[in-house]
Structures are given as structure tokens and as C-alpha cells.
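Here's the structure we're looking at; comments come further down.
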Amino acid sequence: MKSFRVRTRAALGATSIVLLSTAIASGWLVVSEQSMLIRGLDASGQLRINDIQAALTDHVLPPEITVIGDDSVFVQLLGSKGQIISTTKNIAGEAALITPPVFKGHKDALVTENRVINAFDNVHFRIIAQQIVVRGQKYVVVAGYSLEKTNSSILYLIKLLIALNILVTMLVYLVTWVVTGRALRPVERMRTEVDQLSAKDLSRRVSVPRSDDEIGRLGRTLNSMLDRLEVSDQKQRRFVSDASHELRNPLAGMRTQLEVELLYPEVNRGEESRKALLRSTLRLQELTEDLLVLAVSDSGAPTMNWKQFDLGEIILREIEEFPLSPVAIIDTRNVEKVLICGSESQLRRVFVNLLENANRFAESQIEVSLRADGDSAILEVADDGPGVPFADRERIFERFSRLDNSRSRHEGGAGLGLAIAKEIVLMHGGDIRLLDEAHGAHFLIRIPLNQEVVSSTSL
């Protein structure tokens, strides 16, 4: 139905433009043709006047003027006072058609007008009159020509143009209707295919025309959008599944502790039970905060309270307060003062996540360095642990990712730390990657030093 409306609007629009254009052109043609015919009549009348003037000069003008040809043509010769000197037979007895005073201020001018002549049964005539002077005597010569043929020709032309305009308009409407329908057919097909898609199955794609035009590009854009929707849907489903699984563990632990307390009230495990509940609560709180960070990141909301601060000072303060494992030490000799514009709380979270990851797997040492490199800040965190296999170096930044090797032998988090770090770094216009090292894990972060301060909901 919508396609029908578009075709109708397109056809009516094209038809209206053509109709307006042809009407203007037809009007101009009718006026031009009528003007040309009138000029022809005036030229013929001028010839008649010239003939009369020549006859007067030769003293051969009879009382009755003879006109060869059309009986509807007439001529009158008037004196200076308006008296009829000579006339054609077809208007004999008719009063003078023009009086000499009409020429006041128009000496020797050609006077023309259209008039109804009763002697010819009210037929419209073209009157051409001119004052002439022969041997000092003034005369007025009046010639008249019937407008019947001229009007008939103009009327015939008008009818012909109307018929042609109607034919052209109908043809334009039909052609526009057909062409628009053929052009919109792929669009309607794509609309039907998109309408048949469901949220449960986003794997289908629309049929793209082979032509490299607007419709072909529309089809490719729709398929590209469907690709992104499918990937986003898969990530969302995986995210919900993984998040549900991760949330289930601390909730199950808390429920177990509470059920044991209710079933065996005589067993006094108060402090131990409270500690277990606290661990599960803290675990649930950390997981919820991580999920909130990722949810805000996925929504595309910018960060609040961006300001300039010393990232080196933040890093040294976090290291001083960080609970290290008994076997690990942190080398901070290469941490320099670097002023950066961004979210202090978010970049602190990035460093803490990297530090926790390194502390979890380090054998004896963690190296942290920070320096300015051109218009970027370079932050590096390296440990001497078992490292990450080459095939998993991109997967570790995915949400809920866990590696099935020696680097996952210790109890860790939900697999969100590095994913959150990557999202925050990307929001700051930077990038994070894992460098190729023979032993241990070496993370490098590059963040622009100067960025515009934005304002929105804080993470």
C-alpha cells in the first residue's frame, strides 16, 4: 500500500510538472501564433492602403473600389472631414468606420482595432486605417479583414494543443507509474523480507539488486545493519547467559549458608558463617559493579567529570595501598609524572584491574611504567608469570573469558577485568594490547593526553 502511494505521488508530481510546463508552452504558442496572424492581416491592410495611395496619385480611383479575392475584405476612402469618397461594394451604404479626429497626435500613424461589422452579420473584423496626403490633400484609408479564419485557426490550434497536452500528460503519468513501480519493486521486496525477520532469527538477509545505485546501496546498508544486529544479539545473549551463571554462584553460596544456619541452629558457626556471607556479598557487589560498567559502556554514554590530573600520582598511590601476594614485588622506578585529561576514577579502575591480574599470576615481580610519548601517555604493566598463549591474546579482552592453561590455575574473577579495562581505554580514545613476550604477560596502554571534557552520567 505504501509503495502504491509512493508511485501515485511520483506519477502525480511528474504529471503536474509536465502539465504546467506544457500549459505555459501552449499558451505562449497560441499567443505567438495569434500575433503572427494579426501581423499578417496588418501587412495586407498596409498593402491595400499603399494601393489606394498610388491610385490617388495617378487620378484613377473610381467611386467604387474593387477588391479581388475574398468578399469579406473591404476598403473605405475618407476625406479629411470623414466623408466617404470611395468604398468597396460589400460595405456600400455603411457609415464611415473611422473619423479623422482619431489621428490627432498620431500623424501618419497606422491605427488598428478589432470591431464587429453589422453589414457582415456581426462578424469580427480587423480594422486598419492610415492617414495619407496626396498633392496636399488629406485622406484616410480604412481596410478591413475578417477575423473568422484567424479565430478558427487559433481555436483549432487550442483544441490540438489541449488534445496533445492530455495525451502527453497521460503518457507521462503511465510511464512514471511503470518506471517508479519497477524502481520500487526491490525496495518493496526488501521491506517484505525485513518484515519477516524475527528477533529469534537474525541470520536472514535481504536480496540486494546487482545495480550499483541508491537501491543497491540501501540493500547493502540493510544487510550491514543486520550483520551488526546479529553480532550484537549474539553478544547480548552470551553476556546474559554468562552473567546469569556468574551471579548464580555467589547467590547459591549465600543461600547455602543461610539454609545451614536455619537447619542447624544449635551449631554455632557465627563468625565463620558471617565471613562466608561477607565474601559472597562482596563477590556479588563486585560482579554487579562490573556489569554496570559494561552496561554503561554498551549504551555509548560519555564519561562525567573529565579533568586534568597526574596519572603517575594515582598509580603510585594505588600501588602503595594494594595488597600484594607474599611472593611478588612491584618495580615502580619507571613511573613518571604525566598529566592526562580524562576520568580519574575510570583510569584508576583500569590500572587496578591490570595490577590485580598481574598480581594473580606473577611469580616474583611486577613491573609498572608510565611515560609521555608525544601526545599520548604510555602505561605498561608486566608480570613474570606463565604468560598467555598467542592464540588467546585477543580473547582475554572478551567478557567472561577464562583460559584453559596454567595462567588460569589460580582462582580468579568473573573474567570481566580486562574487558572493562579495554572498554574504558576505548572510551578515552586509546587502545590496549598484549605485547609478544617469551615469558609473562606484558600489557601496554596508549591514551591521548589532551581530550575534550565531556559530561554525562558517571560510572
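The values are calculated or read from the model by the stated rules, or taken from the named source; none is laboratory data. On a predicted model such as this, the values are computed, not experimentally measured, just so you know. All Cβ positions, even for glycine, are placed from backbone atoms using ideal geometry, and neighbour counts span all protein chains on display. Quick note on the areas: whole protein, heavy atoms, side chains included, nothing else; ligands and nucleic acids left out. Shrake-Rupley method; radii C 1.70, N 1.55, O 1.52, S 1.80 Å.
General remarks:
- Once the Cα-Cα distance is subtracted from the 0.36 nm per residue extended length, the residue 235 to residue 279 segment shows a gain of 12.9 nm.
- With the simple model of a label 7 Å out from the Cα in the direction of the Cβ, residue 256 to residue 272 spans 1.4 nm.
- Percent carbon-and-sulfur accessible area, the stretch 144-185, ignoring ligands, DNA and RNA, probe 1.4 Å: 75 percent
- Full-extension gain in nm, residue 6 to residue 308, via 0.36 nm per residue minus C-alpha separation: 103.2 nm
- Multiplying the residue separation of residue 227 and residue 16 by 0.36 nm and subtracting their alpha-carbon distance yields 71.8 nm.
- Net charge in the neighbourhood of residue 432 (other residues with Cβ under 9 Å of its Cβ; Lys, Arg +1, Asp, Glu -1) is +2.
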